[in-house]
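To start, the structure under review is shown below, and the notes come after it.
The values are calculated or read from the model by the stated rules, or taken from the named source; none is laboratory data. All of these numbers come straight from a predicted model, not from anything done at the bench. Note: ideal-geometry Cβ built from the backbone for every residue, glycine included; neighbour counts use all protein chains shown.
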Amino acid sequence: MPEPERGEGCTLVEVAAAPLNPIDLSIAAGRFYEGPAELPYIAGKEGLGRVLEADSLATGARVYFPMPGGLGGAGSFSERAAPLEERAIAVPDGVDDSLAACLGVAGLAAWLPLEWRARLREGERVLVLGASGAVGQIAVQAARLLGARVVVAAARDPGGLERARELGADATVDLAAADEPERLAEAIEAAAGGRVDVTLDPLWGAPVAAATLAAARGGRIVQIGQSAGSEATLASAPIRGKMLSILGHTNQAAPPDVIADAYRRMVEHAAAGRLTVDHETVPLERVADAWERQEAFPRRKLVLEP
């Protein structure tokens, strides 16, 4: 691909770190709900780097930036990128490039559903489904930082559940019994010490059925993915009787100022040692290997470094 050119309203950035996300694989495979990619394209929905040319940003400034990544333009998996200048967010010192980059798509997919969509209130009980992944790891910590009374991590991987405890989960639940919603709901309620106010759901499928049974009156379930299946069978009674809200979320729908504010606060928490995520850097020339590992669910964030 040719060197990117800084068009009107854009900044030219030397890329230092670009996380690989499930959405990148989905777009490339033609599975993403917004439709097929415009070919040819450079993949990558986000990156972090240093400004080479800009109208209002200082040369050398470190910035986080989102990219189209095939949905209307090139992405971040390259030595240089030309993101929209108004969407670039200055990143202060105190956090390394790869961790700061990880707080973009994955961080926002954990933080925004809890704070912006569910309006998590201090003292509420939170359930994080799929807690062994990068989003789940961040969500466990985010729930605590946002004032949750109890945080329950649920996943199938014992190692992932142990890591969730290390990151601040009060209790864990094994999702091996997800096909038995009543039994799983009982385990969730027992772990939470009561019914759950807010559930972050990147799974859908069978686990969300149990989440509706374990939810408190007025509970909110924020749906962000379908790792356990694209369809779910939900009973009507608990949704009606408990006045539940099932809220869809995508980072792309959040206003730019909401995204920027949330990202900055996550970076501040990371700089203070209150927020992290397991990650691994991979040279850009090994992107094919990283792609295969992402398909197999690596249980850590893979970050490409040009």
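Structure notes:
- When residues of region 253-276 are limited to those that are under 21 Å from P83 (Cβ atoms) and among the β-branched types (V, I, T), the one surrounded by the fewest Cβ atoms within 10 Å (Cβ to Cβ): V258
- Residues that are over 20 Å from P19 (Cα atoms) and in contact with a helix residue (DSSP H, G or I) (Cβ under 8 Å, 6 or more places away or on another chain) within region 114-133 comprise L114, E115, W116, L120, R125, V126, L127, V128, L129, listed in sequence order.
- In region 22-56, residue surrounded by the fewest Cβ atoms within 10 Å (Cβ to Cβ) [restricted to those that are of a type in the set (F, W, Y) and over 19 Å from P4 (Cα atoms)]: Y33
- In region 74-88, the residue that is surrounded by the most Cβ atoms within 10 Å (Cβ to Cβ) out of those that are under 11 Å from G47 (Cα atoms) and not charged (D, E, K, R) is S76.
- Exactly one residue out of E122, E162, E180 is modelled with pLDDT under 95 and of a type in the set (D, E, K, R): that is E180.
- With a requirement of 1 or more residues that are farther than 24 Å from A171 by Cα and of a type in the set (A, V, I, L, M, F, W, C), the strands (runs of 3 or more DSSP E) lying completely within region 181-274 that satisfy it span 245-248.
- Cβ-Cβ contacts under 8 Å between residues 6 or more apart (or on different chains), taken from a first residue in region 135-146 that is within 9 Å of G168 (Cβ to Cβ) to a second residue that is β-branched (V, I, T) and at pLDDT 95 or above, are listed as V140/V128; V140/V151; Q141/T276; A143/V126; A143/V128; A143/V151; A143/V198; R144/V151.
- Count of residues meeting criterion [of a type outside the set (A, V, I, L, M, F, W, C) and either buried (at least 21 other Cβ atoms within 10 Å of the Cβ) or touching a strand residue (DSSP E or B) at 6+ places or on another chain (Cβ under 8 Å) (or both)] in region 94-118: 6
- Under the condition of being among the acidic types (D, E) and modelled with pLDDT under 95, the residues counted in region 183-228 number 0.
- When S78 is tested against (1) in contact with a Ser or Thr (Cβ under 9 Å, 6 or more places away or on another chain); (2) farther than 21 Å from A262 by Cβ, only condition (1) is not met.
- Within region 106-149, the residues that satisfy the criterion of being hydrophobic (A, V, I, L, M, F, W, C) and part of a loop (DSSP other than H, G, I, E, B) are A118, L120, A131, L146, A148.
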